[in-house]
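*Asks:* Please find one structure pasted underneath; my questions will follow.
The values are calculated or read from the model by the stated rules, or taken from the named source; none is laboratory data. Treat the numbers as computed from the prediction; the structure is a model and nothing was measured. Here Cβ is always computed from backbone atoms with ideal geometry, including for glycine, and neighbour counts include all displayed protein chains. Areas reflect the complete protein model, heavy atoms only, side chains present, ligands, DNA and RNA absent. Shrake-Rupley method; radii C 1.70, N 1.55, O 1.52, S 1.80 Å.
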2 protein chains.
Amino acid sequence: MPVKYSITRNCPQTAARLGELETRHGTVKTPAFMPVGTQGTVKAVTARELEEMDTGLILGNCYHLFLRPGIEIIARHGGLHGFMNWPGALLTDSGGFQIFSLGGLRKIDDRGVSFTSHIDGKLHFLTPERVTRLQNIIGADIAMVLDQCPPYPAEYEEVKDAVKRTSLWARRCKQAHAREDQALFAIVQGGVYEDLRRLSAQELVEMDFPGYAIGGLSVGESKNLMYATLKNTAPVLPEEKVRYLMGVGSPDALLEGVKQGIDIFDCVLPTRIARNGRVMTSQGYLSVRNSVYAADLDPLDRDCSCHVCSNYSRAYIRHLLNTGEILGLRLTTYHNLYYLDRLMRNIRAALAEDRFEQYYNKMSPGLNQMYGGF
Amino acid sequence: MPVKYSITRNCPQTAARLGELETRHGTVKTPAFMPVGTQGTVKAVTARELEEMDTGLILGNCYHLFLRPGIEIIARHGGLHGFMNWPGALLTDSGGFQIFSLGGLRKIDDRGVSFTSHIDGKLHFLTPERVTRLQNIIGADIAMVLDQCPPYPAEYEEVKDAVKRTSLWARRCKQAHAREDQALFAIVQGGVYEDLRRLSAQELVEMDFPGYAIGGLSVGESKNLMYATLKNTAPVLPEEKVRYLMGVGSPDALLEGVKQGIDIFDCVLPTRIARNGRVMTSQGYLSVRNSVYAADLDPLDRDCSCHVCSNYSRAYIRHLLNTGEILGLRLTTYHNLYYLDRLMRNIRAALAEDRFEQYYNKMSPGLNQMYGGF
C-alpha cells in the first residue's frame, strides 16, 4: 500500500474523525490543511519553514509542472521530491481544474482535452492516461485522476456529462496508473446537484480507490450550498478511506468540513491573500497595508506565537509591504500558514479529547462571522 | 566608547589587518563585508538567515528610512534594531550618497541640501545637524556624517568644494551628535584626486572620529583608479581606527581593499544581482536564468556548502526565477551573501595565520579575471 489511512478516533457526536495518513514520506496527522506548492514551491517559504510549522503534506500541480519546467527536468531529479527538495509527503493534482480555469480550452471529448497554455499559447493535448503517466514520473506520494470540473453555475445536463466523463476518465487513470509506491485518488464531481454528487461518488467508490477527493466545490457557490452538498456527498464515501476536500482553506469552512468528515484540505487562500497583505488573526482578517497600522507596535495577531508574531510589529510588516520588500511577503505568508496549521492542531486536539462538538460550538459562530463572507 | 576597534594581527607584508570591532550588539570580526539593508531589511532574507551566515553587522539608510516609514515610527520601536528586530550590530549611512544620486537635487549650500523625494516628489531640506539627530533616533551602533559625494567624473574644483563642505559638515555633525552609546564615523571624499583625498582625510583625522569611511569610490571610475586612490588615502587614516570602504562588494575589490588596510565594506551588489538571477561562484558569475542550466543538477557552486548549494539544483532555481517564484530570489540572495561571507572568513583565516600575502597572490589573479570587469 503506497498510503495507509487509519482512523484513531471518531467524534461521538459528529462525522468528524481523527486519523493518520501514512506515506513513504512521513505520517500526516488528519484533519490537515495542505499548503499549495503549485509550481514546486509553496510560495515564499522554504521546506525548512514548513517543517518548523509542522506541515507534513503539501501539494504540487501536474498541469503547471508539465508546462514549466517540463516533466523531463523533474524526472532528472528523480521526481518532484528531489526537484524541490521536499522531504515530507507530497500530493499532485492532475490539473483538471487548471486546464478548465486557466488554459484556453479548445476541445473536450471522451478521449481527452486539448487546450492552449496560459503561458505561451501553445496547444497541448492531455488524456487521462497521459496525465497519469506524467504524475507517475513526478512521483508524489499521492496522484489525482484527471477530472472534468464544470463551472458554477452550470446546467444539470452539463454537470451530468461531466460526472460521466469523470467516472470514465477515473477508470482509465486507474488502469494507466503504473506505480505501486504511489496512491491514486479519485475526484467526485456533480456540482451542487445532490443526485449527481451521489451518482459520482457511488461510481467512483465501486472502482475502489485508496482515497477520495471532493472537487468542484468552492468555485463560486455560497458556503451554505457548499456545506449542503458536502453533507450529501461525504456519507456516500467509504468510512475507512481518506477524504480530501479540494480548494477549501477559509477557517470557517475548514471547521465545517471536519465536522462533515473531511480529512484533508488544500487552498491557495492563505498564501495568496498574504501577498496582498491580508492576514488571518483571532479577530478575523486584517489588511496590514491599511494606514491605521502605520505605527502599530502589536504583532499581526496578539494571540499568535508564531515566529512572525513573536518578532515583528504590524508597523514593520506594513512598511515592508509598502516598500515592495520581499520579506514582507515572507512574513505574511508564514503567519497565515501557521494560523491554519494551528487551527488544525487545535481541531485534532479537540478530537483526541472527545470534545470536538464543544470546540465546534464554541468556535463556529465566530469563525463564520469573521471568515464566512470571504 | 560606543564602539571599540582593536587590531589583533597585522599582515607582515601588506597593509592588511585582522581586527575586532566591539559594539553594543556584538563583536564584529574584521575584515568584514556588511550586507545592505537599506529600508530596514536585507532584501529577501531574515535576521535568522543572516545569523546563520555569521553576519554580525548590517547597514541601514537614514535617507530611505526618513522617507519611509518616517523616523517617528522607528522611534516608537525604540530604534531600528527594534523596528526590524535585528539583534546584531547596525550602521546607518547618512544618505548623502542617495540624496545626490536618487533624489531630485534642488539646491546645495553650506547650510544643507534641499531635494525632492524619489518616491513622491515632496520637497525636503536636510542639514548635517538634522541628519545627525535622525540617526541618533534611529539608534544604530554606528552613524555616518552627512557628506557631499560628487559624481564621477567631476572637475577638480567641484571635488575640492565637496571636500571642503564635507569637512565643514563633518564638524557640525560631530557637534550635533548627542548619543554616547553611538559612534559617528566621518567620510573621506576627494574623488580620484590624490591631493584632495589626502586633504579630506587629514582634515577629518584632525577632528578625531572613532572611525573613517572612504566614500565617493566605486561610482564609475575604473578599478585601477579606485585602487590607486585607495592606496593614497588609506595610509593617511590613523592605524588604530577602523576603516570602511563604502559601496564596494565585488570579490576582487574586497581582496584588494583588505590588502590596502580596509576593515569593513558594504555594497548592494550581492543582493541586487541575485534578484536578476546572477550568482557568485568559485568559477565567477553565473546567470542561472540561462537556458543552459535548464536541466542542470549541479548546485549553483560546486565548491560551496551553503544551505542553498547543499539542497537545490541550478535547474530548480532557474525554474523558480523563470516562474516568478519568490523562493528563487531568496535562494540566489542567500547564496551570494554566503559567498562573500565565506570569502571574508577565508581572508580572516589567512590573516590569523600570517599567510595573507600568499592567499592574496593565489586568489587575486583569478578573482580579477572573474570579477574584475564588473
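*Asks:* Mind scanning A:Lys164/A:Lys231; A:Lys29/A:Lys259; B:Lys4/B:Lys362 and naming the pairs with a C-alpha gap bigger than 24 Å?
*Replies:* Flagged as over cut-off: B:Lys4/B:Lys362.
*Asks:* Here is a follow-up. Could you give the nm distance between label points at A:Val236 and A:Gln283, where each point is 7 Å from its Cα heading toward the beta carbon?
*Replies:* Each label point is offset 7 Å from its Cα along the Cβ direction, giving 4.4 nm.
*Asks:* While we're on this one: Once the Cα gyration tensor of chain A is found, what semi-axes does its equivalent ellipsoid get, as square roots of 5 times the eigenvalues, in whole Å, sorted largest first?
*Replies:* The answer is 32, 25, 20 Å, longest axis first.
*Asks:* So which lysines pass the test for A:Lys43, namely a Cα distance under 17 Å, with those fewer than 8 places away in the same chain ruled out?
*Replies:* B:Lys43
*Asks:* Pop out the Kirkwood hydrodynamic radius of segment A:317-374 from its pairwise C-alpha distances, inverse of mean 1/r, in Å to one decimal. Walk me through the intermediate numbers first.
*Replies:* Values: mean 1/r = 0.0743 Å⁻¹.
That comes to 13.5 Å for segment A:317-374.
*Asks:* Right, here's the next one. Taking the simple approach of a point 7 Å from Cα along Cα-to-Cβ for both B:Ala352 and A:Gln175, what is their distance in nm?
*Replies:* Inter-label distance under the simple model: 6.8 nm.
*Asks:* On to the next question. Using a Förster distance of 60 Å, how high is the FRET efficiency between A:Ala228 and B:Asp195, based on the Cβ-Cβ distance and rounded to 0.05?
*Replies:* Here the calculated transfer efficiency is 0.10.
*Asks:* Just need the Rg to Rh number for segment A:1-128, please, alpha carbons only, Kirkwood Rh.
*Replies:* In segment A:1-128, Rg relative to Rh is 1.05.
*Asks:* If one puts a single equal scatterer on every Cα of the protein assembly as shown and applies the Debye formula without solvent, what log₁₀ I(q)/I(0) results at q = 0.10 Å⁻¹?
*Replies:* Log10 of I(q)/I(0), two decimals: -0.98.
*Asks:* Dipole of the protein assembly as shown, Cα-centred, from +1 at each Lys and Arg C-beta and -1 at each Asp and Glu C-beta, to the nearest 20 debye?
*Replies:* 600 debye
*Asks:* Same structure again: Would you mind working out the magnitude of the charge dipole of chain A relative to its Cα centre, with +1 at each Lys and Arg C-beta and -1 at each Asp and Glu C-beta, to the nearest 20 Debye? Show your work: numbers first, answer last.
*Replies:* Values: 42 positive and 41 negative charges, 118 e Å.
The dipole of chain A has a size of about 560 debye.
*Asks:* Moving on to the next point. Please compute how much accessible surface disappears when B pairs with A, both sides summed, using a 1.4 Å probe, and round it to the nearest 100 Å².
*Replies:* 3600 Å²
*Asks:* Among residues other than A:Tyr193 whose Cβ falls under 15 Å from its Cβ, what is the net charge (Lys/Arg +1, Asp/Glu -1)?
*Replies:* Charge balance in the 15 Å sphere: -3.
*Asks:* Across 10 Å bins from the origin, how do the percents of Cα pairs in segment B:144-191 run, short distances first?
*Replies:* With a bin width of 10 Å, the distribution comes to 30, 44, 20, 6.
*Asks:* Now a separate question. Between segment B:110-170 and segment A:101-180, how many Å separate their Cα centres?
*Replies:* Each part reduced to its Cα centre gives a spacing of 63 Å.
*Asks:* For segment A:296-348, what is the convex hull (Cα atoms) projected area averaged across all directions, in square nanometres?
*Replies:* On the way: hull surface 13.3 nm².
One quarter of the hull surface, i.e. the mean projection, equals 3.3 nm².
*Asks:* I've got another one for you. Towards the positive end of the charge dipole of the protein assembly as shown, with charges on Cβ (+1 Lys, Arg; -1 Asp, Glu), say which of A:Ser291, B:Pro12, B:Pro87 has the farthest Cα.
*Replies:* So the residue furthest toward the plus end is A:Ser291.
*Asks:* Quantify how much of the Cα-Cα distance distribution of segment A:6-73 extends past 18 Å, in percent.
*Replies:* 53 percent
*Asks:* Which order do you get for B:Ser200, B:Ser114, A:Ser310 if you rank them by accessible area with a 1.4 Å probe, largest at the top? Write down the numbers at each step before the final one.
*Replies:* Working: B:Ser200 0, B:Ser114 20, A:Ser310 75 Å².
Order by accessible area, largest first: A:Ser310, B:Ser114, B:Ser200.
*Asks:* So if each residue of separation counts as 0.36 nm, and I subtract the Cα-Cα distance between A:Thr27 and A:Arg48, what length gain in nm does that give? Show your work: numbers first, answer last.
*Replies:* Details: separation 21, 0.36 × 21 = 7.56 nm, distance 1.73 nm.
5.8 nm is the gain from fully extending A:Thr27 to A:Arg48.
*Asks:* Shifting gears a bit: If you take the Cα atoms of segment A:260-374, find Rg, then find the Kirkwood Rh from the mean of 1/r over all pairs, what is Rg/Rh? Walk me through the intermediate numbers first.
*Replies:* Values: Rg = 15.0 Å, Rh = 15.0 Å.
Taking Rg over the Kirkwood Rh, I get 1.01.
*Asks:* Under a crude label model (7 Å from the Cα following the beta-carbon direction), how far is A:Arg272 from A:Leu168 in nanometres?
*Replies:* 3.0 nm
*Asks:* While we're on this one: How high is the relative contact order of chain A, in percent, with contacts defined as C-alpha pairs under 8 Å that are six or more residues apart?
*Replies:* That works out to 17 percent.
*Asks:* If amide hydrogens are placed 1.01 Å from N in the peptide plane, which non-local residues have theirs closer than 5 Å to the one on B:Thr30?
*Replies:* Result for B:Thr30 returns B:Gly19, B:Glu20, B:Leu21.
*Asks:* Viscosity 0.890 mPa s, temperature 25 °C: what is the translational diffusion coefficient of segment B:185-290 from Stokes-Einstein with a Kirkwood Rh over Cα pairs, rounded to a whole number of µm²/s? Each step should come with its number before you reach the end.
*Replies:* Numbers: Rh = 14.6 Å.
Rounded to a whole number, D works out at 169 µm²/s.
*Asks:* Take every Cα pair under 8 Å in segment B:155-281 that's 6+ residues apart, average their separations, divide by the length, and report that relative contact order as a whole percent.
*Replies:* Values: 171 pairs, mean separation 24.5, N = 127.
Reported as a whole number, the value is 19 percent.
*Asks:* Could you compute the FRET efficiency for B:Lys4 and B:Glu206, with r as their C-beta to C-beta distance and R0 at 22 Å, rounded to 0.05?
*Replies:* Once rounded, the FRET efficiency stands at 0.55.
*Asks:* Given H placed on each backbone N at 1.01 Å, which residues far from B:Ile214 in sequence or on other chains put an amide H within less than 5 Å of it?
*Replies:* HN-HN under 5 Å from B:Ile214: B:Val188, B:Tyr244, B:Leu245, B:Met246.
*Asks:* How many angstrom separate the Cα center of segment A:336-374 from the Cα center of segment A:244-321?
*Replies:* Each part reduced to its Cα centre gives a spacing of 14 Å.
*Asks:* May I ask you to compute the full-extension gain from B:Thr116 to B:Ser291, defined as 0.36 nm times their residue separation minus their alpha-carbon distance, rounded to one decimal in nm?
*Replies:* Value of the extension gain: 58.8 nm.
*Asks:* Towards the positive end of the charge dipole of segment A:94-145, with charges on Cβ (+1 Lys, Arg; -1 Asp, Glu), say which of A:Ile137, A:Gln98, A:Ile119 has the farthest Cα.
*Replies:* A:Ile119
*Asks:* What does the charge dipole of segment A:179-281 about its Cα centre add up to, to the nearest 20 debye, if the Cβ of each Lys and Arg holds +1 and the Cβ of each Asp and Glu holds -1?
*Replies:* Taking the Cα centre of segment A:179-281 as origin, the dipole is about 580 debye.
*Asks:* Can you work out which chain A residue has the shortest Cβ-to-axis distance for the rotation that carries A onto B, and give it in Å?
*Replies:* A:Ile326, 3
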